[in-house]
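Novice: Sharing a structure with you now.
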Amino acid sequence: MSKILKAQDIYKIYKEDEKETEILKELNLEIKKGEIVVILGPSGSGKTTLIHILGGLDKPTKGKVLLDGVDLFAHSDLELSRIRNQEIGFVFQFHQLLPEFTALENVKLPVLIGEDSSLSLRMTREKRCIELLEEVGLKGKEARLPSMLSGGERQRVGVARALVNEPKIVLADEPSGNLDSKTSGDLHQLFLNLNKSQGVTFIIATHKESLCKIASKVFELKDGKLNKIVNCKMKNEK
């Protein structure tokens, strides 16, 4: 499998007044195409910071993030915005759907804000949006507003939105953190199904050890560093 994303010697330091807080240090990670990589850690361990850096939403204090061998932060802000829109998908804990938009309209958002808004592309993408909603189990609910959907269904809309531009990699930050155990399990199974059926590559940051069951690799984020876990699949949910 070819490497898609590589983090090299990542440091992230926040400064407030005269105080420095080191969130990430000497952090290294390699992701191959088709993997599901799970990053475990409690609240405050730096998982969200790491996901933001890997996705180009935040810059490291030091170090590089290579997407297909090219440093994300060597790009102009405009090009980085294009990459985030077209080559990286994001799934957030609080789905961040627009409440006045239907499920279908929310999924179409990354297409509408992209550079190429030609009629032919929009028509092709609209078909894909409908297909994605069916793929994530929401057939027949395309016209529903987020307020008409359950928490799990809203998160599935968020997953479909992350996939609409066929990104190279999807970054998920506590995607099931706000869901009950059954709905969480359904969402985790959806990730696995998408990985198997479409070859989607995932990096999932979570505190839920149950996600280890679907992972190709598991790491623990502790003291700003990633440590690979070998026997995580034997652990029980806390």
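Novice: In region 188-217, which residues are under 19 Å from Glu166 (Cα atoms) and in a helix (DSSP H, G or I)?
Specialist: Those that are under 19 Å from Glu166 (Cα atoms) and in a helix (DSSP H, G or I): Leu190, Phe191, Leu192, Asn193, Leu194, Asn195, Lys196, Ser197, Gln198.
Novice: Is it fair to say Ser184 is free of Cβ contacts under 8 Å to residues at least 40 places away in the same chain, assigned to a loop (DSSP other than H, G, I, E, B) and touching a Ser or Thr at 6+ places or on another chain (Cβ under 6 Å)?
Specialist: no
Novice: Let me ask another. Restricting region 165-181 to residues that are among the hydrophobic types (A, V, I, L, M, F, W, C) and in contact (Cβ under 8 Å) with a residue 60 or more places away in the chain, which is surrounded by the fewest Cβ atoms within 10 Å (Cβ to Cβ)?
Specialist: Ranking the candidates gives Ile169 first.
Novice: Can you find, within region 56-73, the residue that is nearest to the chain's Cα centre (by Cα) among those that are more than 14 Å from Lys6 (Cβ to Cβ) and not hydroxyl-bearing (Ser, Thr, Tyr)?
Specialist: By that ranking, first place goes to Leu57.
Novice: Now, a different point. When the residues of region 190-235 are narrowed to those that are more than 15 Å from Glu174 (Cα to Cα) and among the polar types (S, T, N, Q), which ends up nearest to the chain's Cα centre (by Cα)?
Specialist: In this case the residue turns out to be Thr201.
Novice: For region 74-86, give me the residue count where each residue is within 17 Å of the chain's Cα centre (by Cα) and free of Cβ contacts under 8 Å to residues at least 60 places away in the same chain.
Specialist: Number of matching residues: 5.
Novice: If only one of Val111, Val70, Val65 is modelled with pLDDT of 95 or more, among the β-branched types (Val, Ile, Thr) and more than 22 Å from Gly177 (Cα to Cα), which one is it?
Specialist: Details: Val111 fails: modelled with pLDDT of 95 or more; Val70 fails: modelled with pLDDT of 95 or more.
Answer to the selection: Val65.
Novice: Modelled with pLDDT of 90 or more and either β-branched (Val, Ile, Thr) or out of contact with any strand residue (DSSP E or B) (no Cβ under 9 Å at 6 or more places or on another chain) (or both) - does that describe any residue in region 227-236?
Specialist: No; the residues of region 227-236 include none that is modelled with pLDDT of 90 or more and either β-branched (Val, Ile, Thr) or out of contact with any strand residue (DSSP E or B) (no Cβ under 9 Å at 6 or more places or on another chain) (or both).
Novice: Could you check, for region 194-201, whether at least one of its residues is under 22 Å from Val111 (Cβ atoms) and of a type in the set (A, V, I, L, M, F, W, C)?
Specialist: yes
Novice: Going by the conditions given, is Gly151 touching a Lys or Arg at 6+ places or on another chain (Cβ under 9 Å) and of a type outside the set (A, V, I, L, M)?
Specialist: Spelling it out, it is not the case that Gly151 is touching a Lys or Arg at 6+ places or on another chain (Cβ under 9 Å) and of a type outside the set (A, V, I, L, M).
The values are calculated or read from the model by the stated rules, or taken from the named source; none is laboratory data. Nothing here was measured: the structure is a model prediction, and the numbers come from that model. Cβ: placed from backbone, ideal geometry, glycine included. Neighbour counts: every protein chain shown.
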